[in-house]
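Notes follow the structure.
The values are calculated or read from the model by the stated rules, or taken from the named source; none is laboratory data. Note that the structure is a prediction, hence the values are computed from the model and not measured. Glycine also receives a Cβ, built like all others from the backbone with ideal geometry; neighbour counts cover every protein chain displayed.
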Amino acid sequence: MADTTATATARPGRLSEFWYYFRENRGAVIGLWVFAAFIAVALFAPILAPHDPTQQFRDALLQPPFWQEGGSLTYPLGTDAVGRDMLSRLLHGARYSFYVGIIVVAFAASGGIVIGLLAGFAPKWVDTIIMRVMDIILAFPSLLLALVLVAILGPSLTNAMIAIAIVLQPHYVRLTRASVLSERSKDYVTAARVAGAKQTRLMFVTVLPNCLSPIIVQAALSFSTAILDAAALGFLGMGAQPPTPEWGTMLAEAREFILRAWWVVTWPGVAILITVLAINLMGDGLRDALDPKLKRS
């Protein structure tokens, strides 16, 4: 009973400590609220959007936002070149960006963590081979490598997510391996090994939980990178394909109208900017809260 009470007391204490250091960074708190709003918009886009994102209103081509002459509250942020409502497309675009971030981070992190654990516990020659392969991947510019992979697999949002996950995976491998090498020589790992713990238990139960703090921070920052790379591939025509309301694809479709209709380019760009900035600010707060070296006494 005493152990249960102690554990129950310790958990809120850790959460309280985390929130104390996280809220010290005001930018991170703002980023958290913006990210929460982003998630809400992504989840409830079909309810919030006034129109179907692919529906074309031929009588309202390139209609400006409601506050400009010729605008209408029917299309609050205006319409694009084929008469689709910009607000509806932006709201549904948040769903695609959120989907891309979740899938890419899940695949990149899970694969990178497993490979990093193997590299940290494997014999030196295996570790050397794994890390040289990761170094080769990191030697290429990330967007260029993703572009090549999508060109091989074929342009689509799914293939873009696969390519981005492959490009981001080496960061998790190196981070996990470095954390494992610093943890495996500590007393609690030695005690678990002497007690007869199997290698898989040492890797996933004993060592991995103590390596999660930097991985969580990397995951938050990778989320924004995934959104940016997906938008870049969509802009280049190698990601989501029209008429998908993905922010990068919306920018690509609006290029020729940048001088005549500023809103078709501005709104997707602002959406990408605000979302990525909020996630990066939140990532900085996570780093401050989870890294003991950065905590002020």
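Here are a few things to note about the model shown:
- Checked against the criterion of being assigned to a helix (DSSP H, G or I), of a type outside the set (A, V, I, L, M) and surrounded by fewer than 21 Cβ atoms within 10 Å (Cβ to Cβ), the candidates Thr275, Thr266, Thr249 yield just one match: Thr266.
- When Thr176 is tested against (1) of a type in the set (Val, Ile, Thr); (2) out of contact with any Leu (no Cβ under 8 Å at 6 or more places or on another chain); (3) surrounded by 15 or more Cβ atoms within 10 Å (Cβ to Cβ), exactly one condition is not met: (2).
- Of the residues in segment 228-244, none is among the hydroxyl-bearing types (Ser, Thr, Tyr), under 18 Å from Ala42 (Cα atoms), out of contact with any Ser or Thr (no Cβ under 7 Å at 6 or more places or on another chain) and assigned to a helix (DSSP H, G or I).
- When segment 137-166 is filtered for residues that are among the polar types (S, T, N, Q) and buried (at least 17 other Cβ atoms within 10 Å of the Cβ), the ones remaining, listed by number, are Ser142, Asn159.
- The numbered conditions (1) out of contact with any Ser or Thr (no Cβ under 8 Å at 6 or more places or on another chain); (2) within 15 Å of Ile164 (Cβ to Cβ) are all true for Met250 except (2).
- Cross-chain or 6+ apart pairs with Cβ under 6 Å, segment 142-155 first and free of Cβ contacts under 8 Å to residues at least 60 places away in the same chain, then in a helix (DSSP H, G or I) and of a type in the set (A, V, I, L, M, F, W, C): Leu145/Val167; Leu149/Ala163
- Residues (modelled with pLDDT of 90 or more and of a type in the set (S, T, N, Q)) located in segment 203-243: Gln218, Ser222, Ser224, Thr225
- Residue within segment 281-289 that is of a type outside the set (Asp, Glu), in contact with an Asp or Glu (Cβ under 8 Å, 6 or more places away or on another chain) and under 28 Å from Thr158 (Cα atoms) present: no
- So Ile258, is it β-branched (Val, Ile, Thr), under 21 Å from Ala37 (Cβ atoms) and surrounded by fewer than 23 Cβ atoms within 10 Å (Cβ to Cβ): no
- Within segment 141-187, considering residues that are modelled with pLDDT of 90 or more and assigned to a loop (DSSP other than H, G, I, E, B), the one farthest from Ile102 (Cα to Cα): Gly154
- Ala254 vs. criteria in a helix (DSSP H, G or I), under 21 Å from the mean Cα position of the chain (by Cα), under 30 Å from Ala151 (Cα atoms) and of a type in the set (Gly, Ala, Ser): no
- A single entry from Pro65, Pro50 fulfils the requirement of being in contact with a Gly (Cβ under 9 Å, 6 or more places away or on another chain), assigned to a loop (DSSP other than H, G, I, E, B) and within 27 Å of Ala261 (Cβ to Cβ): Pro65.
- Annotation for segment 98-117: no member residue is in contact with a helix residue (DSSP H, G or I) (Cβ under 6 Å, 6 or more places away or on another chain), part of a helix (DSSP H, G or I) and among the hydroxyl-bearing types (Ser, Thr, Tyr).
- Yes/no for Val276 being farther than 26 Å from Thr158 by Cβ and among the β-branched types (Val, Ile, Thr): no
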